[in-house]
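Undergrad: Have a look at this one before I ask anything.
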Amino acid sequence: MNLMDIEHRVWSKMALEATAPGLEEKLGKLAPPHAVAGLIAPYFVERFQFKEDCLVIQWSGDNPNSLAGLTLNTPGDLAISLGTSDTVFGITTELKPSLEGHVFPNPVDPECYMVMLVYKNGSLTREDVRNNHAEQSWEVFNKHLENTPPLNGGKIGFYYKEHEIVPPMPVGFHRYVIENLDSNSLEELQEREVEEFDSPAEVRALIEGQFLSMRGHAERFGMPSPPRRIIATGGASSNESILAAIAAIFGCPVYTVQRPDSASLGAALRAAHGWICNREGDFVPISQLYEGKLDRTSLAAKLARPAGEKKLFARYSLLMKMRMQIEKNLVHRLGRTKD
Ligand code: ADP
């Protein structure tokens, strides 16, 4: 699929030619994700008693299926999975590809795109800071978050315990204090590099840093600001203090789902979606499969935090821009793209 011109949904001639001769005929035609590929092969009918008229819908990988399984269906929907790595994916109408992440056609709506960012420094880096600054306890970690003000008095940090993907940075921790944070203009902000923060500030700098980075990079990929809603999942989404930080930084409501199997659930939903589109002879929004019926199913999402305050969101916007600027300089100075 990396050979696709995703804007026009056709094979990219240039990419095909650069790969192998005669490739287009061998690959066959592209199809929308909800399209029927054909009928099931007789082998499965005999071996597993599938019905002969069982349709086969176009397949896709675990991440696009997860997007369907988390019920993301409208531009502006964003999911944040807080696992060993952190993964962000969202739906956007704008096509703005960039090197540090992925853009695919949206698997549930051919009119828009799916954006995906994968961060190497997720829960293991949070655990590292917890162990060194919060007595190895999430409870103490959360107290530090609650006892420090939003924006952390301008203290921001870049915590790469592992080589990072977004942005491509080597291992290292970098801390800055932003001066003149009350100003409304980026030009008036100034950063000063520092060696360390006290423990509460360190915890907040880590958490704010991770989510400001997600917000900055998602916006760079065309995600609307604020998003329509965020669905948080993965181990750390059980942490209320982290969810509060997400709602404040992104300025939108945060829902949680505790569902380890969103990829397989999404695959099943996509199969049903393809089946219905085929029956109707037309594209049907996937939300029609479950609208108003979610609460009694394993697709239910719970509102964990309402949107943060608009004023604070605006101040985070400025801090995010400053952070992206510092990040750019860090990548320029130390980034792995240099070698
Ligand atoms: P995986 O990506 O391996 O499937 P999970 O989604 O199961 O990971 O998440 C596991 C991670 O969740 C652990 O590494 C742990 O750091 C994190 N975690 C669990 N509980 C909390 C909590 N209360 N606060 C923050 N992080 C938590």
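Undergrad: Using only the alpha carbons of the stretch 222-279, determine the length spanned along each of the three principal axes and report them from longest to shortest in whole angstroms.
TA: 44, 26, 15
Undergrad: Report the label-to-label distance for Asn132 and Ala37 in nanometres (one decimal), using points 7 Å from each Cα along the Cα→Cβ vector.
TA: 4.7 nm
Undergrad: Please give the FRET efficiency for Leu294 paired with Ala314, using the beta carbon to beta carbon distance and R0 = 35 Å, rounded to the nearest 0.05.
TA: Working: r = 32 Å, r/R0 = 0.92.
E(calc), rounded to 0.05, equals 0.65.
Undergrad: Which three extents, in angstrom, do the Cα atoms of the stretch 26-106 have along their principal axes, listed largest first?
TA: Extents along the principal axes, in whole Å: 45, 30, 24.
Undergrad: Given Cβ point charges of +1 (Lys, Arg) and -1 (Asp, Glu) and nothing else, what value in debye, to the nearest 20, does the dipole of the stretch 109-182 about its Cα centre take? Let's see the in-between values first.
TA: Details: 7 positive and 11 negative charges, 61 e Å.
The dipole magnitude comes to about 300 debye.
Undergrad: Ok, one more. Work out how much length Asp261 to Lys26 would gain on full extension: take 0.36 nm times their residue separation and subtract the Cα-Cα distance, in nm to one decimal.
TA: Working: separation 235, 0.36 × 235 = 84.60 nm, distance 3.38 nm.
Contour length minus Cα-Cα distance gives 81.2 nm.
Undergrad: For a footprinting-style exposure proxy, rank Thr92, Thr19, Thr256, Thr297 by other Cβ within 10 Å, fewest first.
TA: On the way: Thr92 23, Thr19 13, Thr256 19, Thr297 10.
So the residues, fewest neighbours to most, are Thr297, Thr19, Thr256, Thr92.
Undergrad: For the pairs Lys29/Lys321; Lys143/Lys310; Lys161/Lys321; Lys96/Lys143; Lys155/Lys310, note any where the Cα-Cα span goes beyond 31 Å. Write out the running numbers ahead of the final one.
TA: Values: Lys29/Lys321 42 Å; Lys143/Lys310 24 Å; Lys161/Lys321 23 Å; Lys96/Lys143 39 Å; Lys155/Lys310 21 Å.
Flagged as over cut-off: Lys29/Lys321; Lys96/Lys143.
Undergrad: Please report how far the C-alpha centroid of the stretch 119-145 lies from that of the stretch 175-227, rounded to the nearest whole angstrom.
TA: Their Cα centres are 18 Å away from one another.
Undergrad: Debye calculation, C-alpha points only, no solvent: report log10 I(q)/I(0) for the stretch 59-135 at q = 0.20, 0.26 Å⁻¹, in the same order as the q values.
TA: Rounded to two decimals, the profile gives -0.82, -1.19.
Undergrad: Rg/Rh for the stretch 245-339 to two decimals, with Rh computed the Kirkwood way over all alpha-carbon pairs. Show your work: numbers first, answer last.
TA: Values: Rg = 20.4 Å, Rh = 17.3 Å.
Over the Cα atoms of the stretch 245-339, Rg/Rh equals 1.18.
Undergrad: Ok, one more. Quickly estimate the mean residue ellipticity at 222 nm for the chain, helices only: each DSSP H run with n ≥ 4 gives -39500 (n - 2.57), and the total goes over all residues, rounded to 500. Provide the component values of the computation, followed by the final result.
TA: Values: 10 runs with 124 residues, N = 339.
Here the helix-only value at 222 nm equals -11500 deg cm²/dmol.
Undergrad: Please report, in Å, the Rg and the Dmax of the stretch 1-150, where both are computed over Cα atoms only.
TA: 21.4, 65
Undergrad: Mind checking the dipole of the stretch 165-275: about its Cα centre, +1 per Lys or Arg Cβ, -1 per Asp or Glu Cβ, Debye to the nearest 20? Show your work: numbers first, answer last.
TA: Working: 9 positive and 14 negative charges, 194 e Å.
Dipole magnitude for the stretch 165-275 comes out near 940 debye.
Undergrad: Only counting other Cβ atoms within 10 Å, I'd like Cys252, Cys54 sorted with the fewest neighbours first. All intermediate terms of the calculation are to be shown ahead of the outcome.
TA: Details: Cys252 23, Cys54 13.
Ascending number of Cβ neighbours within 10 Å: Cys54, Cys252.
Undergrad: Hey, another quick one. Skipping prolines and chain starts, which residues have an amide H placed within reach, meaning under 5 Å, of the one on Gln190, given they are 5 or more residues away or on another chain?
TA: Those qualifying (amide H under 5 Å, at least 5 residues apart or on another chain) are Glu179.
Undergrad: So what J values fall out for the stretch 107-113 if you push phi through Karplus, 6.51 cos²θ - 1.76 cosθ + 1.60 with θ = phi - 60°, rounded to Hz, Gly and Pro as x?
TA: Calculated HN-Hα couplings, in order: x, 10, 7, x, 7, 9, 10 Hz.
Undergrad: Ratio of Rg to Rh for the stretch 247-291, alpha carbon only, Kirkwood? Walk me through the numbers on the way to the answer.
TA: Numbers: Rg = 14.6 Å, Rh = 12.7 Å.
So for the stretch 247-291, dividing Rg by the Kirkwood Rh gives 1.15.
Undergrad: Tell me, what ³J(HN,Hα) does each residue in the stretch 36-47 have, in order and in whole Hz, if you take phi through Karplus 6.51 cos²θ - 1.76 cosθ + 1.60 with θ = phi - 60° and put x for Gly and Pro?
TA: With coefficients 6.51, -1.76 and 1.60, one gets 7, 8, x, 8, 4, 6, x, 3, 6, 5, 6, 6 Hz.
Undergrad: Related question: What number does the chain give for Rg over Rh if you use C-alpha atoms and the Kirkwood radius? Write out the running numbers ahead of the final one.
TA: Values: Rg = 22.1 Å, Rh = 21.7 Å.
Rg/Rh for the chain comes to 1.02.
Undergrad: Taking Cα centroids, how far is the stretch 54-92 from the stretch 244-299 in Å?
TA: 9 Å
Undergrad: Right, something else. Determine the dipole magnitude for the chain: charges of +1 sit on the beta-carbon of Lys and Arg, -1 on that of Asp and Glu, nothing else is charged, the reference point is the Cα centre, and the result goes in debye to the nearest 20.
TA: Charge dipole, the chain, about its Cα centre: 300 debye, nearest 20.
Undergrad: Run a plain Debye calculation on the stretch 111-248 (Cα atoms as equal point scatterers, no solvent) and give log10 I(q)/I(0) at q = 0.15 Å⁻¹, rounded to two decimals, same order as the q list.
TA: So the normalised log intensities are -0.80.
Undergrad: Go through 174-182, 187-195, 211-219 and give me the packing order, highest mean Cβ count within 10 Å leading. It would help to have the intermediate numbers written out before the result.
TA: Details: 174-182: 16.4, 187-195: 11.8, 211-219: 22.8.
Descending mean neighbour count gives 211-219, 174-182, 187-195.
Undergrad: Now a separate question. If amide H atoms are built 1.01 Å from N in the plane of the peptide, which residues on other chains or at least 5 residues away come under 5 Å of the amide H of Ala35?
TA: Gln58
Undergrad: Under the rule of at least 5 residues apart or a separate chain, name every residue whose amide H is placed under 5 Å from the amide H of Ile165.
TA: Those lying under 5 Å, H to H, from Ile165 are Lys120, Asn121.
Undergrad: What list of ³J(HN,Hα) couplings, whole Hz, do you get for the stretch 167-181 from phi and the Karplus terms 6.51, -1.76, 1.60, once you set θ to phi - 60° and write x for glycine and proline?
TA: Rounded to whole hertz, the list is x, x, 10, x, 4, x, 10, 9, 10, 9, 10, 8, 8, 6, 4.
No value in this document is a laboratory result; all are computed from the given coordinates. Treat the numbers as computed from the prediction; the structure is a model and nothing was measured. For neighbour counting, all protein chains shown are included, and Cβ atoms are generated from backbone atoms with ideal geometry for every residue, glycine included.
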